[in-house]
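Comments concern the structure below.
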2 protein chains.
Amino acid sequence: MSEFKPTLFTCFSPNLLHLYDVSDTIVVIIDVFRATSTIAAALKNGAKCVIPVDTVAKAVELSRQIDGIAAGERDGKIADGLAHGNSPLEYHPSFIEGKILVLTTTNGTRLLHMALENGADAIITGSFPNLDAVCKYLIEQKKNVLLGCAGWKDRYNLEDTLFAGAVIEQVRDHFSIHCDSSLTAELLYRQQKERLPEFVSSLTHYHRLVERFGLIEDIRFCITPNGANVLPIYRDGKLLIEPTVAVREQG
Amino acid sequence: MSEFKPTLFTCFSPNLLHLYDVSDTIVVIIDVFRATSTIAAALKNGAKCVIPVDTVAKAVELSRQIDGIAAGERDGKIADGLAHGNSPLEYHPSFIEGKILVLTTTNGTRLLHMALENGADAIITGSFPNLDAVCKYLIEQKKNVLLGCAGWKDRYNLEDTLFAGAVIEQVRDHFSIHCDSSLTAELLYRQQKERLPEFVSSLTHYHRLVERFGLIEDIRFCITPNGANVLPIYRDGKLLIEPTVAVREQG
C-alpha cells in the first residue's frame, strides 16, 4: 500500500496563480531578488515583525502610526518617499532589533496578498537565506504545497525558479509531484547548483540589479543558503517567527 | 560597432502573452502535443490549408460549408461531435491531399487567435516535425520573434519549452536574447536533447496522452525533428505553405 503524500506544485508567475487551488495549501512566497531574502534577514536580525503592504503611501502611513520603519523598492531602487530600501544587508541587528519593518516591493508583497485573497491555508516566505527552515517546515506540516514564484512584473524569472528547485530537491520524497514547472525547477537547480554565482550573472534581474544599482553583495547574500535560517509565517497581517518555530530552530 | 539584432522572447503560457508587445513581431505558436505537429503533418501531406477555429460548433459548421474535414480535440480526446482528432498520424496523404482541415484544439488554436487579436505582425506554427523550416524562416526574416508556448490550459509545460529551446539553439546568434524564459528553454533542451524520448516520458502531458489514450506513436512523431519540414504561415484566416516558401523549401 503506497503511503499518502500531499501534492506539491510550482507556479511561475503571479499571473498564473489563479490556475491553482490554494485552499488547504501552504503557499511559499518566493522573491529571491530581494523581498523574501530581506524578510528573512530582518527577522533573523531581531525585527519584531515585517508588515508587507501594497503601496508606498501605505508603508509611510502605517510606519508613522506604529513607529515602524518604512521601506521598499520600485523597479529595483529605493521607492520615492522612503528612506530604506529592499536590501537584506541594510537590516543589521543594530538597526532593526525590536523594530517593525513595513515593507513594500514590486513583486513579492503583491504575490503574498494575492495568495491571501485566493484563500491560502498558510503563507510563508522563502529564499536561499532560509532554505533549510522552509524545507523542514514543509516536511513537518504534511500539507499540500504551492511554491509561488513572484517573478518580475508577472514575467517568469530564473532566480525564483532555482530556489523552488532547491526546495524540491530536499522535500521531493515527502510529496506527490506531477507538475512540469516543478520538474523544470528541479532540473535547472541540479544542473546549476555547483555554480550558482556564475550562473546568476547571466540572468536578466542580475543585470537589472548589479549593472544599474551595484548590488553585488546583496545578490551574493540572496543566493547563499541559510545565512538567515528562520521561518517567516504570515499571521494577522504580519510576517513573524513563531515562538515554537524559533525554539525548534534554536534546538 | 555591434550589428543590430532583432529581439527574441519566449512566453511560457497564453496567460502571460499580454506581457509582451507582439506588434512588429513574428509569433511562433508552439503546441508540440499535438496541434502544431498535426498542422505540419497535414500541410506536408498535401492539405490545401488548415483553418484553426475556436469551437467544435464552428469546426462542424465551417467544414460543411466548404466541404472540409472537421477535426479537433478537447482534453486530449477527439472532441464530441467530430469524427477526426488531433493526431498527426491520422493525416496521411491518401486522406488529406487537396482537402481543407478545419481544426479546433484545447490550447494551440486558442493561442493563435490571441496572438492575432494582440496584433502580431506574422504568425507561424512550430513543432519538432518542422523545426528546421521554422528556424530558417526566423533567420531570414530578421524581425523580432516571440516563441509562444501554448501550454496546457494556461499552465506551463515542458514539451513546448523544449521546442522553444531547440529553436533558440539554432537561431541564437541572429537575435538579441535577454529573457529568462528563453535561457531556461535553451538550458533544458541542451541538457535533454540526446535523450528526448526517455525524458518526455516523465512529463505530465505524456501521462495524459499515453496512459489514458495510448498515443505513443503520436508522441514519437511530435518530438522527432523534421518529419514534416514545412512552414505553416497564417494568412487570411488559414494556415498554409506559401508558394515561395514551398519553392525555397524544395531548393
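Out of the residues in segment B:203-236 meeting the condition of being modelled with pLDDT of 95 or more and in contact with a strand residue (DSSP E or B) (Cβ under 8 Å, 6 or more places away or on another chain), tell me which one is surrounded by the fewest Cβ atoms within 10 Å (Cβ to Cβ).
B:Ile233
Considering only residues of segment A:17-53 that are hydroxyl-bearing (Ser, Thr, Tyr) and under 18 Å from A:Val134 (Cα atoms), which is surrounded by the fewest Cβ atoms within 10 Å (Cβ to Cβ)?
A:Thr25
May I ask you to say which residue of B:Leu146, B:Leu111, B:Leu82, B:Leu89 is hydrophobic (A, V, I, L, M, F, W, C) and within 17 Å of B:Leu239 (Cβ to Cβ)?
B:Leu111
Mind checking which residues of segment A:185-204 are hydroxyl-bearing (Ser, Thr, Tyr), within 7 Å of chain B (Cβ to nearest Cβ) and without any contact (Cβ under 8 Å) to a residue 40 or more places away in the chain?
Listed by number, the list holds a single entry, A:Ser202.
Which residue, of B:Asp218, B:Asp173, is assigned to a helix (DSSP H, G or I), within 19 Å of the chain's Cα centre (by Cα) and more than 14 Å from chain A (Cβ to nearest Cβ)?
Exactly one residue qualifies, and that residue is B:Asp218.
Give the number of residues within segment A:2-21 that are part of a loop (DSSP other than H, G, I, E, B) and either among the polar types (S, T, N, Q) or closer than 20 Å to B:Ser13 by Cα (or both).
So the answer is 5.
The values are calculated or read from the model by the stated rules, or taken from the named source; none is laboratory data. The model shown is predicted, which means the values in this text are computed figures rather than measured ones. All Cβ positions, glycine included, derive from the backbone under ideal geometry; neighbour counts span all protein chains shown.
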